[in-house]
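These notes are about the structure you will find just below.
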Amino acid sequence: MIMKRIESVNDFVIKFANVNGTGSASANNLFAKALFRMGIPVSPKNIFPSNIQGLPTWYEVRVNDKGYLGRRGGIDIALSVNPQSMAQDIREVLPGGYFIYDDTKPLDLRLHRDDISIIGVPLTRICNEQYDDPRQRQLFKNVIYVGALAALLDMDFKVLTGLVEDQFKGKKNLVLPNIHALELGHQYVRNHLDCPIGIRVEKSDMVGDKILLDGNTALGLGALYGGATVAAWYPITPSTSVVDAFEKYAKRVRIDPGTGRRNYAIVQAEDELAAIGMAIGASWNGARSFTATSGPGVSLMSEFLGLAYFAEIPTVLFNVQRAGPSTGMPTRTQQSDILACAYASHGDTKQVLLFPSTPRECFDFGALSFDLAERLQTPIILMTDLDLGMNDNMSEPLEWDDERKYDRGKVLTAEQLEAGVEFGRYLDVDGDAICYRTYPGTHPTKGAFFTRGTSRNEYAIYTEKGEEYEANMLRLLRKWDTINEYVPAPIIVDSGVETDTAVLYFGTSEEAAREALDYLSDEGIHLNAMRVRAFPFNKQVQEFIERHKQVFVIEQNRDAQLRTLLMAEFEFGPDKLKSVLCFDGTPISARNIRKQIKKHLNGDNVLPLHRNTALLRAGESR
Amino acid sequence: MSYQLPKFRHPELPVNDLGYTKADYEGAISTLCAGCGHDSISGAIVRACHELSIEPHKIAKLSGIGCSSKAPTYFLGNSHGFNSVHGRMPSVVTGAALANRDLLYMGVSGDGDTASIGMGQFAHVARRNLNMVYIVMNNGCYGLTKGQDSATADRGSASKKGDPNIYSAIDLCGTALQMGATFVARSFSGDKEQLVPLIKAAISHRGFALIDVVSPCVTFNNNAKSTKSYEFVREHSEATGTIDFVPMHKEITTEYQPGHSHEVTLHNGSSIRLYKVDESLNPFDRRSAINALEEHRCSGNILTGLIYMNMDSRDLHEVLETSQRPLNALDESDLCPGNKMLLNINASLR
Ligand SMILES: Cc1ncc(C[n+]2csc(CCOP(=O)(O)OP(=O)(O)O)c2C)c(N)n1
Ligand code: SF4
Ligand SMILES: [Mg+2]
């Protein structure tokens with residue numbers, strides 16, 4: 001059989017197969033960041049098990065000069081340093097692709113494929129010759145394979161060594177050994193193998209001033225810039241690093257210069273109920289506060305979310321979604337808490353959701369959440385996910401307008417109370433259904449009120465009178481209209497060609513959707529697109545959907561939750577909104593979206609939902 | 001700025017140092033059952049706050065859910081209040097206290113609210129030594145849901161309609177001690193002379209101060225077979241001693257016999273004077289306090305009074321090293337690092 005090698009420049013997918021807990025992450029990062037510094041767009045994704053040490057873990061990097069950052073699907077190069085997963089890893093390589101492995105031990109003949117190039121680098125042998133300490137052997141093995149890859153792909157070696165120098169700034173005893181290890185791999189390949197292989201990289205200028213950042217760090221920074229002073233949380237993957245980032249930067253910039261004391265407080269709570277209770281208590285008392293969690297935590301917070309909705313207490317909750325239900329797949333991504341959050345809690349509740357899709361938006365929306373929560377006096381739930389939160393994503397740089405003032409919302413001061421303004425905590429003075437509040441301790445005799453989750457009248461006095469309860473619930477519904485004017489509007493991308501069909505997506509489906517639309521338009525299928533950025537859905541969302549005969553709603557969950565929400569809020573029929581779904585725990589890919597849309601367009605969409613699901617399970621959901 | 005106090009006032013009502021009458025510390029008319037112990041506790045809180053001359057608006061009162069948790073409506077009407085969700089008052093107070101360290105936090109809860117659904121939060125707020133007063137109005141039952149046994153009901157005790165309780169009781173004072181509370185007291189709603197000075201001392205203590213107040217539920221748990229009835233508690237309580245609370249710079253004359261007395265000065269300059277009856281208890285020694293509780297439990301008596309106090313504890317704000325200025329008073333200039341830092345961060349991410 002004559003093999004046609006995959007040949008490309010700056011356009012491929014490489015997957016590293018490692019063992020969890022062996023220090024491979026920093027070496028893999030080094031690889032991705034070096035390409036990024038060469039001006040080539042990259043999107044690395046960690047694929048890791050719920051395990052601390054020993055199980056297989058993967059790191060998949062999409063390299064694409066056109067700037068497509070979603071998962072593409074398919075592996076061009078596999079780099080295998082984990083015998084445990086080797087059979088699967090070699091099987092996954094696309095025909096014509098490359099399999100790079102540690103040939104200190106020869107490849108099991110049964111795994112051999114002759115439709116791909118198999119490249120051996122004796123990583124273990126090189127390590128054993130160079131290092132005596134077993135820990136060093138393990139760590140430097142990772143660096144050595146990066147050096148080897150640099151030769152195989154014709155990477156700029158200077159960029160790599162520069163990165164190492166930056167990373168270990170001033171720590172010569174770390175810089176030199178790392179550079180040495182890079183050279184070991186590089187030299188070996190140069191001396192023993194043909195390089196570059198069919199796939200290679202070259203310097204480019206497609207990155208501009210972009211940065212490579214994970215969404216959780218961006219969120220932590222958003223909270224810092226947004227003026228959060230109280231953070232309460234309970235550890236849960238994939239949200240933990242939000243508070244970690246907040247703390248890291250707060251330690252640097254939130255220390256009072258005069259006293260050395262902290263202008264923030266972080267409490268690791270006993271559970272998520274306590275975490276959100278603390279956030280609510282702090283905001284009730286006039287501090288900006290937040291909590292961060294994932295699905296199981298949201299379930300626990302549900303009662304408190306109802307209280308905050310009904311008692312109208314600003315609350316900021318960052319939900320970094322993962323695959324549920326229950327513990328589900330805690331280290332895999334999904335967008336499956338939409339309904340649980342939109343209607344979180346018992347009784348008639350509606351919660352404000354924000355859907356960022358890049359680290360820059362995590363930062364912007366993160367900071368915005370505090371303004372919105374205080375302006376609108378209600379919980380703001382920012383919905384991100386593991387894919388955005390825990391992976392480095394290429395993003396616009398972060399920016400802050402130094403003129404910006406926090407919007408603290410409607411709060412009466414002691415002076416206003418003293419001057420005799422009428423105060424009714426739930427009195428709609430301005431006609432926008434948002435009422436004035438007071439902080440505890442403002443005035444000795446005016447402005448005190450009793451906050452409660454039970455029904456009350458406009459002056460916060462307990463009542464069970466039906467009319468008063470109803471009037472309050474209707475005001476909350478009018479407030480929902482006001483909220484609508486404040487939340488980020490959708491972003492609409494016109495195909496430029498007359499069409500009655502469109503796609504709608506949100507959050508991390510954006511990159512894959514954008515790419516899929518390009519593929520489809522190459523095939524003559526032109527679709528308008530809209531990215532929804534908040535719930536309540538802006539009027540523009542409704543108009544956009546109404547304007548089209550059919551809209552494909554792309555989302556990363558089983559039950560088409562956003563579609564359900566759209567149908568519930570706007571009463572669109574099921575024929576109008578068609579689902580494009582992925583829920584296997586990996587980020588949705590462009591190829592998958594394209595395939596599902598084409599199936600719908602070809603009329604192959606009359607399958608009952610459960611058969612669709614079966615098809616997806618059979619592996620088409622990648 | 002200065003404020004006008006309410007003008008129309010009965011000229012004969014005694015005023016405190018700030019010029020407030022007791023009425024300025026009262027709340028709405030109670031809707032609890034006539035004779036409910038909780039109302040007496042509300043009355044004791046009003047008296048303690050009035051006599052201590054605390055600005056009413058400098059107190060925040062927070063509660064969970066239950067008849068007891070409704071009580072904050074009936075005292076301190078000029079203070080902000082928060083009737084939160086069942087069992088979760090401690091977390092809400094924690095957040096509130098972190099936001100503004102300058103207010104006084106008065107948490108009110110029931111035995112159901114604290115010892116069952118809220119046990120976790122109770123344990124952790126004690127452990128964090130949050131600077132607050134935590135009053136449990138303990139009636140051994142769920143008043144608001146019509147009298148089910150609670151986790152503080154003694155084994156064998158029976159409520160009005162119930163069979164004898166089959167489970168062992170949780171002693172909230174013992175639990176608080178184990179969890180690291182730095183002020184632990186027990187009292188009885190029917191004994192204001194003991195309760196008021198205890199509330200004052202708890203308010204003046206910096207750190208977590210629990211007062212477990214046995215507070216009979218006249219409707220569901222005040223019957224002959226109950227160990228939380230007025231009669232039973234009157235007959236079985238044994239005080240550790242009596243205490244006087246002496247506000248800063250004020251000497252009070254006391255009617256108590258100057259037996260074995262002990263005076264301790266609190267961080268705000270006021271002091272409490274202890275007249276010990278129980279010689280075996282040293283309330284400044286945790287082990288002694290735990291032993292005393294256990295001995296009384298074995299003999300079937302209820303130990304009341306100040307049980308434990310740690311004068312040198314560090315409260316949550318101290319442990320977290322938070323700013324002396326309340327966090328809710330900080331603004332952009334204190335909190336936002338500005339665009340310049342982002343330029344550096346961006347540069348490090350390329
Ligand atoms: C989550 C939740 N579960 C149950 C209830 C119902 N409930 C209201 S009060 C109460 C018990 C209150 O008992 P306790 O705290 O002892 O207060 P008391 O009425 O005895 O003063 C219960 C179970 C509730 N409000 N919320
Ligand atoms: S039911 Fe019991 S606890 Fe509730 S108000 Fe009546 S007497 Fe008090
Ligand atoms: Mg009770």
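Bear in mind these aren't lab numbers, they're just calculated from the coordinates by the rules spelled out. Predicted, not measured: the structure shown is a model, and the values here were computed from it. Positions of Cβ are backbone-derived with ideal geometry, glycine not excepted, and every protein chain shown enters the neighbour counts.
Sum -39500 (n - 2.57) across every DSSP H segment of at least 4 residues in chain A, then divide by the residue count to get the 222 nm mean residue ellipticity, nearest 500. Let's see the in-between values first.
Values: 20 runs with 241 residues, N = 622.
After summing the helix terms and dividing by the residues of chain A, the value is -12000 deg cm²/dmol.
As a test of the definition: which semi-axes, in Å, follow for chain B when you take the square root of five times each eigenvalue of its alpha carbon gyration tensor? Largest first, please. Intermediate results must be reported in sequence, preceding the final value.
Details: eigenvalues 232, 126, 99 Å².
Working from the Cα gyration tensor, I get semi-axes of 34, 25, 22 Å.
For residue A:203, give me every one of the lysines with a C-alpha distance below 18 angstrom, ignoring sequence neighbours fewer than eight places off in its own chain. Cα-Cα hits under 18 Å: A:33, A:66, A:158.
I want to make sure I understand the PRE zone here: with the label point 7 angstrom from the Cα of residue B:268 toward its beta carbon, which residues in region B:178-208 have backbone N atoms less than 15 Å away? Answer for this model: B:197-208.
Sequentially through region A:75-91, phi angles give Karplus couplings (6.51, -1.76, 1.60; θ = phi - 60°) of 10, 8, 10, 10, 10, 10, 10, 10, x, 3, 9, 4, 4, 5, 5, 6, 5 Hz, Gly and Pro residues having no value and appearing as x.
Would you mind giving the mean number of other chain beta-carbons within 10 Å of the Cβ of each residue in A:204-214, as a whole number? If you can, show how the numbers build up before the last one.
Numbers: counts 0, 0, 0, 1, 1, 3, 3, 7, 2, 5, 1.
Mean shielding by partner chains, rounded to a whole number: 2.
Each part reduced to its alpha carbon centroid, region A:181-213 and region A:390-454 end up 54 Å apart. With 10 Å bins beginning at zero, the pair-distance distribution over Cα atoms of the protein assembly as shown amounts to 2, 11, 18, 20, 17, 13, 10, 7, 3, 0, 0 %. Given their separation in residues at 0.36 nm each and the Cα-Cα distance between them, residue A:167 and residue A:415 gain 84.0 nm when the chain is fully extended.
Once you charge only the Cβ atoms, +1 for Lys and Arg and -1 for Asp and Glu, what is the size of the charge dipole of region B:22-320 about its Cα centre, to the nearest 20 debye? Write out the running numbers ahead of the final one.
Working: 27 positive and 30 negative charges, 147 e Å.
The calculated dipole for region B:22-320 is roughly 700 debye.
Were the residues from residue A:326 through residue A:468 laid out at 0.36 nm apart, the gain over their Cα-Cα distance would be 47.2 nm. With a Förster radius of 60 Å applied to the beta-carbon distance between residue B:321 and residue A:114, the computed FRET efficiency rounds to 0.40.
Taking neighbour counts of Cβ atoms within 10 Å as a proxy for exposure, in what order, fewest first, do A:358, A:315 appear?
On the way: A:358 22, A:315 29.
Ascending Cβ contact count within 10 Å gives the list A:358, A:315.
Please compute the modelled spin-label separation between residue A:402 and residue B:311, points set 7 Å along Cα→Cβ, answer in nm with one decimal. The answer from the label model is 5.2 nm.
Taking each residue of A:258-266 in turn, how many C-beta atoms of other protein chains fall within 10 Å of its C-beta, and what is the average? Intermediate values should be presented prior to the final figure.
Details: counts 2, 4, 2, 8, 6, 7, 7, 13, 3.
Per residue, the average neighbour count from other chains is 6.
The calculated FRET efficiency for residue A:192 paired with residue B:119, based on their beta-carbon distance and R0 = 60 Å, is about 0.35. Starting from the Cα of residue A:598, step 7 Å toward the Cβ, then list every residue of region A:490-532 with an amide N under 17 Å from that point. Once the point is set 7 Å along Cα→Cβ of residue A:598, A:513-527 turn out to lie under 17 Å by backbone N, inside region A:490-532.
Per residue of A:30-37, other chain Cβ atoms within 10 Å of the residue Cβ number 1 on average. FRET efficiency for residue A:482 and residue A:346, Cβ-Cβ distance as r, R0 = 22 Å, nearest 0.05? Plugging the Cβ-Cβ distance into 1/(1 + (r/R0)^6) gives 0.40. Remark: chain A carries a charge dipole of roughly 1280 debye about the Cα centre, counting +1 on each Lys and Arg Cβ and -1 on each Asp and Glu Cβ. Close amide H contacts of residue B:26 (hydrogens built in the peptide plane, cut-off under 5 Å, sequence separation of 5 or more or a different chain): B:76, B:77.
Could you order peptides A:125-136, B:150-161 by the average number of other Cβ atoms within 10 Å of their residues, highest first?
Working: A:125-136: 13.8, B:150-161: 20.1.
Per-residue mean Cβ counts within 10 Å order the peptides as B:150-161, A:125-136.
Each Lys and Arg Cβ is given +1 and each Asp and Glu Cβ -1; about its Cα centre, region A:491-620 then shows a dipole of about 320 debye.
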